[in-house]
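J.: My questions will all concern the structure given below.
The values are calculated or read from the model by the stated rules, or taken from the named source; none is laboratory data. Predicted model only: the values in this text are computed from it and were never measured. Cβ: placed from backbone, ideal geometry, glycine included. Neighbour counts: every protein chain shown.
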Amino acid sequence: MKRIALIGLVAGALLTTGAWAETAQQTRMKSCNAEAGDKGMKGDARKAFMKSCLSGTPDKASNPQQRMKDCNAEAGDKGLKGDARKTFMKSCLSNKAG
C-alpha cells in the first residue's frame, strides 16, 4: 500500500513540475506533422515540407504547388506543346526539387 502511495506521489510531482510537458520542438513537430497530414503529403514532398516547417523558414523551391506553377508558366512562355511540354515539365520539376 505504501508503494502505491509513493508511486502516486512521485507521478504527481513529475506532472506538476512539468517533467513530462512537451518541449517547443515537440509541439512544433506535432503541428507540422498534423499540417502535412491534412494536406495529404507523402514521400519526398512530405519530407521537404517537414524540413522547412520544422526549421521555421518557408522554402518556395520545395513547395510542389509553387514548383508546378513556376514550371507551368515557363512552359507557357516558351509556347511548348505535347511531348516537348511534357519533357520540359518533367525536367523542370525535378531540377527545382533539389
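J.: Can you name every residue in segment 13-31 that is farther than 30 Å from SER52 by Cα and at pLDDT 75 or above? Lay out the reasoning, then the answer.
T.: So the first thing to find is which residues in segment 13-31 are farther than 30 Å from SER52 by Cα, and the list is 13-17.
If the condition is that a residue be farther than 30 Å from SER52 by Cα and at pLDDT 75 or above, then no residue fits.
J.: Which condition from (1) in a helix (DSSP H, G or I); (2) at pLDDT 90 or above; (3) not polar (S, T, N, Q) is the one that LEU80 breaks?
T.: All conditions pass for LEU80, except number (1).
J.: I would also like to ask the following. Quick one: would you say ALA97 is surrounded by 12 or more Cβ atoms within 10 Å (Cβ to Cβ), of a type outside the set (Phe, Trp, Tyr), under 23 Å from ALA24 (Cβ atoms) and modelled with pLDDT under 90? Reasoning before the result, please.
T.: On the way: surrounded by 12 or more Cβ atoms within 10 Å (Cβ to Cβ): yes; of a type outside the set (Phe, Trp, Tyr): yes; under 23 Å from ALA24 (Cβ atoms): no; modelled with pLDDT under 90: yes.
No.
J.: What about ALA61, is it touching a Gly at 6+ places or on another chain (Cβ under 9 Å) and at pLDDT below 85?
T.: Details: touching a Gly at 6+ places or on another chain (Cβ under 9 Å): yes; at pLDDT below 85: yes.
When the stated conditions are applied, ALA61 passes them.
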